[in-house]
Every structure is written in structure tokens, then in C-alpha cells.
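To start, the structure under review is shown below, and the notes come after it.
The values are calculated or read from the model by the stated rules, or taken from the named source; none is laboratory data. These numbers were taken from a predicted model, which means no experiment stands behind them. Virtual Cβ from ideal backbone geometry, glycine too; neighbours counted across all protein chains shown.
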Amino acid sequence: MDTIFALATARGKAGVAVIRISGPQAWAAAEELAGSLPAPRVAGLRHLRLGGETLDEAVVLIFERGASFTGEAVAELHIHGAVATVQAVLRALGGISGLRLAEPGEFTRRALENGRLDLAQVEGLSDLIEAETEAQRRQALKVLSGAVGKLVDGWRAKLVRAAALIEATIDFADEDVPVDVAPEVEALISEVSEAIAAELGRVSAAERVREGFEVAIVGRPNAGKSTLLNALAGREAAITSEIAGTTRDVIEVRMDLGGLAVTLLDTAGLRQTEDRIEAIGVARAVERAELADLRVFLLDDGEVPLLAPLDGDLVVHGKADLCPGPGLRVSGVTGEGIGELIAKLTERLLMRAQGAGVMTRERHRDALARAFEALESARNEVLRGSDRAELAADGLRQAARALESLVGRVDVEHLLDEIFASFCIGK
């Protein structure tokens, strides 16, 4: 396998930059520049030289095969983060025979291939790199720690036990089996099936934490939606005007509410209109509002046409500075009620996020659904009698295969290029 190298820290001027080298020639390449290497996992200060010229003074670390991130022999050069210094060291490594620049995600891909990470952990690492909020960080770290693999291993162990019992009835079909295994097999299948169903119910919340919630502000024209959006965002994100119908498209603002990633949507004022352009904006507003996780209905002097609040939506009265009264009232101009509105939004979104599991992607949902369907089929065959044992065993095998695809043991080769394409070169 090739020896690869890349800058593992962000590009640009920095105090320190880390260059990672991984593969069979990693130590030799580091030694060629540093002259000598410290003991494994012990930092050593070295001068990096090329042809008698000093490139930089660096902290050098090496890791043995099997004890590194990639599972290969690895060397790390912690150098000064000047752009010119980084380029000089990268050029020097590029000139060493047998070394090449790493491709995007190649270090992590090697960690997967060498059994240091499973596929779900790779996805967790990708999410951790992209995490914007505390909730995303915690969720990604849980997945990276191997939470999905632990669940799968527990379920798989029960299915292996159930399959062994069924196989025994097949192998000894012509003999008297002393114990009826059907009750134990059915109990094992039910236990795993119920656990998978519960996890399936938590996928949607986990996806929302990972991708972010959407909150749409809806109301009639001139209700103060854009002014409210600007007040919530703390900046002039949307144009405000006394002219009705100013907002034609959906304006998005990303925020952090209580550690959750939230995208606020300012939509066109909802009304029947003969203006073709405004009508397109209204149609888009209705569509995005219906797809949003939560809607804030901003009332002025009447009900909001074309949409009705659902359970969990918030109904507030706008322009509190001009129209005081009971209920939750907000003013994007004076800031009145903004804090209370943010608190209510945060509370409702946090309640939805509490049900999040460790399965965070559509791929996970699909694998769980396939496993659940196979288990239900296997359970039905068990209940029909011992003459259906082979069909029950096949259902268990299908369920186990679907679960193993969660962690990348089977049927995931077509996913790898897509997953690793999202990684930076140094990871």
C-alpha cells in the first residue's frame, strides 16, 4: 500500500500545523527529514532538513502499526503554521520516492479498512468535523465512540442464538429434539424486533439534531415577519418595508438555540393575489412552512390564510409596541417578547430532540426497516411450526445482514466513495 501524506490541520496561517504521514514508509520518510526519530508516542524536538537546508524546527511523533488512527505506521510533524513553511515541508515529502499526497478522506478510509473504525463511526467522525452546535457535537461523539456498533453487536448475538436453535431443529429433523425451541426463539426475535422498532422511532429526531431544525415564520403581508427575523438573528438578514409583499422568496437564517442548529425561515406574506410573481412566493411559503419542523404564526389583525396551526406550533401577536394586549406578543422593533419567544422555541425543539437515538441517517433507517421486516417474517414462520424452520432461519440471516450493513461489514462498497468525498484531504 502507498505511503500517503497531507496537512491534517486547516489551511492558512496558524500557530501550529500538523502534517500526517501514514503507510509502510512513514517512519523512513520522517527520519529522512528529521535525522532521527523519538520513541513511539513520545514527542521529540527535531530540525527538519533537506539537502543541508533547514526547513523548520518541529515536534515529531511516531505511532506503531496497529496503534495509530489509520492502523498503519504513522508519523506526525508538528511544524510552525506559516504558509511558506507548510508548503516547504510538503514539497520535501513529495520529493521522497514512494510517497504521494493523500486523497480526500483517505486516512479515515484506511482506518475503516484496517478495522480501527466501523462505517457508522466514520459517519460520526464526519458529523463531528461538521458539528456547529453542542447537541451536534455530543451526538456525533456518541456515534464516533461506537454506539451503533454496540447496539448491532448486542442484537446480532441474540439473532445468532436464535438461528443456532433453529438450525438444530433442521439438522436433527429426523430425530427427537428433547426441547421445543420455538418459545425461546420467538422470545429472542421479539426482543430484538421491539428494540429495532424503538430505535426506528428515534431516527427522525436524531436526523433533525444532525441536520438542524427548520422553523418557519408565517403570517399575512406586513405582519412584521421580516422585522421579527432580523430581531431574532440580531442583524439585517431580510429587507423590511411598509410595502406589502416585499418578501417574495424564502429567506433562511442559521441559528444556535439551546445547543440545537435551527434555520429560521422568513416567508412571503400569505394572501390571495393576482400578482404572478408574488403568487409564486406565496406558494413557496406554504410549501416550506408545511415541511418545517415548527411554525411561528405571527398575527396582526386577523387569522393567517392558507395555513392552520398544528400541535406544537407557536401563535404570537406581532407589533406589540403598537398593539398591546394579552397573550404572547412580540415586537421586532423594540425587542419586546423576543426573549420569551426564543425560550418557547428552544423548549419545544429540545423536547423533540430528547427522543433522538444514535441512528442519524436515512441509510440507518433503511437498514433498520429491512431488519425489522425480516424479523417479523421469521417470527411468523416460527409460529407456523417446525416444518417452516428453514424459512425462519433465512429470515434471521436477512435481518443479521441488514444490521451488519449499518457498520459496514456487508453491502456498503457503493457508499464509500460518496461518504469519503465529503472529507477534507488531511482526514
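Descriptive notes on the structure:
- Test: residue in the stretch 8-26 that is surrounded by fewer than 17 Cβ atoms within 10 Å (Cβ to Cβ), in contact with a Leu (Cβ under 7 Å, 6 or more places away or on another chain), touching a residue at least 40 places away in the same chain (Cβ under 8 Å) and not β-branched (Val, Ile, Thr): no
- Set side by side, the residues 58, 84, 73 differ, and just one is among the small types (Gly, Ala, Ser), surrounded by 15 or more Cβ atoms within 10 Å (Cβ to Cβ) and out of contact with any strand residue (DSSP E or B) (no Cβ under 6 Å at 6 or more places or on another chain), which is 73.
- Of all residues in the stretch 178-204, those that are more than 16 Å from residue 395 (Cβ to Cβ) and crowded, with 19+ Cβ neighbours inside 10 Å total 2.
- Looking only at the stretch 386-421, residues that are at pLDDT below 80 and either outside any helix (DSSP H, G or I) or among the aromatic types (Phe, Trp, Tyr) (or both) come to 5 in all.
- For the stretch 28-54, filtering for residues that are of a type outside the set (Gly, Ala, Ser) and either surrounded by 21 or more Cβ atoms within 10 Å (Cβ to Cβ) or outside the structural domain of residue 109 (by TED's automatic domain parsing) (or both) leaves 2.
- Restricted to the stretch 258-287, and to residues there that are charged (D, E, K, R) and more than 30 Å from residue 206 (Cβ to Cβ), the residue that is surrounded by the most Cβ atoms within 10 Å (Cβ to Cβ) is 278.
- Answer residue from the stretch 288-311, given it is in contact (Cβ under 8 Å) with a residue 60 or more places away in the chain and exposed (fewer than 12 other Cβ atoms within 10 Å of the Cβ) and is nearest to residue 208 (Cα to Cα) among those: 291
- Which numbered condition residue 163 misses (of (1) within 24 Å of residue 195 (Cα to Cα); (2) in the same structural domain as residue 24 (by TED's automatic domain parsing)): (2)
- Helices (runs of 4 or more DSSP H) enclosed by the stretch 35-154 - at least 2 residues per element that are farther than 29 Å from residue 262 by Cβ: 83-94, 106-113
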